[in-house]
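The next block holds one structure in the form of structure tokens; read it before the comments.
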Amino acid sequence: MTASRAQHPVLTIDGPGGAGKGTVSRRVAERLGWHLLDSGALYRLTAQAAAKYGVALDDVAGLARLAETLDVAFIAEQGRANVLLEGEDVAQTIRTEAVGERASQVAAIPEVRSALLARQRDFRQPPGLVADGRDMGTVVFPDAALKIFLTASAEERARRRLLQLQEAGVDASLPSLLKEIQARDARDTQRAVAPLKPADDAVELDTTELTIPDVVDHILRLLEDRGLATQL
Ligand code: DC
């Protein structure tokens with residue numbers, strides 16, 4: 001990382017799946033005119049590419065090589081975030097539960113995490129970056145200007161996921177979603193490398209009772225207080 005790049009401000013938004021990180025990060029980035037890193041998408045893309053090329057989930061060297069060489073692009077177009085894997089738009093297919101499950105396994109492999117480190121830091125470009133993930137404030141951008149840790153109860157996160165799936169016309173049941181969320185939380189928080197946990201200097205926000213606009217406004221105010229965002 002160059003000295004000048006390190007000066008571009010970073011806002012990290014970490015937390016468990018379903019706490020609202022994706023939507024909140026996108027809206028905050030739009031309001032600020034900053035870049036956006038959806039780091040979970042990189043793990044999902046690695047898992048998807050592994051399935052495509054028949055790389056087994058226990059082939060550590062093969063997975064790390066894939067993570068390092070993955071041909072991916074994130075293109076924002078008319079409010080839509082296109083995610084391209086070798087030129088093919090996979091924005092929808094990487095969001096399935098099956099890919100999420102494989103991504104969680106891939107994300108527990110230290111060699112994959114270090115292969116993705118430099119890629120993630122490359123997103124730090126002027127005027128600033130909003131980085132969404134699990135270890136943005138603890139590992140990838142420890143010098144971030146503001147670190148947020150978003151949470152919500154597992155029950156509320158399961159309800160939100162059910163609504164999302166129903167809106168997309170996908171059948172799902174609340175008890176099975178809750179079980180999946182609890183299993184994913186356990187794997188993400190208990191893994192040996194870069195486990196999901198708030199950075200010591202993170203601001204924790206429980207979104208169980210909050211709307212998305214409330215959370216966005218709160219974060220923007222925190223940025224303003226630190227002199228990082230003006231004229232919003
Ligand atoms: O946020 P998401 O559901 O798209 O993330 C997919 C998986 O990747 C999830 O199991 C957690 C993992 N992940 C991670 O370990 N570190 C990150 N910075 C982002 C996601």
By the gyration tensor of its Cα atoms, with a ≥ b ≥ c the square roots of the eigenvalues, what is the shape of region 37-157: rounded for a/c under 1.5, prolate for a/b over b/c, or oblate? rounded
Positive-end residue of L223, L210, I109, charge dipole of region 100-232 with Cβ unit charges: I109
Sort E30, E209, E155, E97 by heavy-atom solvent-accessible area, probe 1.4 angstrom, most to least. E209, E30, E155, E97
What residues of region 28-71 lie in the reach of a label at A192, counting those whose backbone N is under 20 Å from a point 7 Å from the Cα along Cα→Cβ? 57-65
Debye, to nearest 20: dipole size of the chain, +1 on Lys, Arg Cβ, -1 on Asp, Glu Cβ: 180
Between the residues G15, V90, A154, the Cα farthest towards the positive end of the dipole of the chain, that dipole coming from +1 and -1 charges on the beta-carbon of Lys, Arg, Asp and Glu, is from V90
Extension length gain for E30 and R159 (0.36 nm per residue less Cα distance), in nm, is 43.8 nm
Calculate the spin-label point distance for A56 paired with Q166, positioning each point 7 Å from the Cα along the beta-carbon direction, and give it in nanometres. 4.2
Given Cβ point charges of +1 (Lys, Arg) and -1 (Asp, Glu) and nothing else, what value in debye, to the nearest 20, does the dipole of region 156-219 about its Cα centre take? 460
With +1 on each Lys and Arg Cβ and -1 on each Asp and Glu Cβ, how big is the dipole of region 105-232 about its Cα centre, in debye rounded to the nearest 20? 480
Looking at the chain, send over the antiparallel percent of its DSSP beta bridges, to the nearest 5. 30
To the nearest 500 deg cm²/dmol, what mean residue ellipticity at 222 nm is calculated for the chain from DSSP H runs of n ≥ 4 alone, each contributing -39,500 (n - 2.57), summed and divided by the residues? -14500 deg cm²/dmol
At a probe size of 1.4 Å, how large is the accessible area of D225, to the nearest 10 Å²? 120
Gyration tensor on Cα atoms of region 108-232, a ≥ b ≥ c root eigenvalues, a/c under 1.5 rounded, else prolate if a/b beats b/c, else oblate, says oblate
With the Cα gyration tensor of region 69-124 giving a ≥ b ≥ c as the square roots of its eigenvalues, does the rule (a/c under 1.5 for rounded; else a/b larger than b/c for prolate; else oblate) give rounded, prolate or oblate? oblate
Note on the chain: contact order normalised by length, alpha-carbon pairs under 8 Å, 6 or more apart, percent, works out to 32
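The values are calculated or read from the model by the stated rules, or taken from the named source; none is laboratory data. The structure displayed is predicted, hence computed values, not measured ones. Glycine also receives a Cβ, built like all others from the backbone with ideal geometry; neighbour counts cover every protein chain displayed. Note: areas computed on protein heavy atoms with side chains; ligands, DNA, RNA excluded. Shrake-Rupley method; radii C 1.70, N 1.55, O 1.52, S 1.80 Å.
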